[in-house]
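First up is the structure itself, then whatever we jot down about it.
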Amino acid sequence: MSKKAISLTLEESNLLWLKARARADGKGSLSDAVDRLIAEARAGRLGAAAPARSVVGTIDLGEDPLLESADDHVRSLFTGSLARGLWVSEPRSGYGAPRKKRTRT
């Protein structure tokens, strides 16, 4: 099927998405990416947007759901961190007189 040149105006975020899709497909052509996107939409392969999913039951709360002992726990972590000591390493700097620049005569 022959192709015809058209002008297309897109929002910047959609253009960036389309460029990324074109690169991911391996062809890198925006025209091919738009053509494939329209062909998929016409064939019904794009489908509808995925329905919202619930996160109910995906999080297990510990035995302190109100975080009443959280302060004590954070303090113990902080105290343990201070007890370990600290290793500091600084880059060596050059000691000595600065070099004199040669003057050309």
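The values are calculated or read from the model by the stated rules, or taken from the named source; none is laboratory data. For clarity, every value in this text was computed on a predicted model and none was experimentally measured. Please note: Cβ atoms are built from the backbone with ideal geometry, for glycine as well, and neighbour counts cover all protein chains shown.
If you go through region 44-84 and keep only what is surrounded by 10 or more Cβ atoms within 10 Å (Cβ to Cβ) and hydroxyl-bearing (Ser, Thr, Tyr), you end up with SER69, SER76, SER81. Among the residues of region 9-42, those identified as surrounded by 11 or more Cβ atoms within 10 Å (Cβ to Cβ), assigned to a loop (DSSP other than H, G, I, E, B) and modelled with pLDDT under 90 are LYS27, GLY28, SER29. Considering only region 43-80, state which residues are modelled with pLDDT of 85 or more and either part of a helix (DSSP H, G or I) or touching an Asp or Glu at 6+ places or on another chain (Cβ under 7 Å) (or both). Selection gives ALA70, ASP71, ASP72, HIS73, VAL74, ARG75, SER76, LEU77, PHE78, THR79, GLY80.
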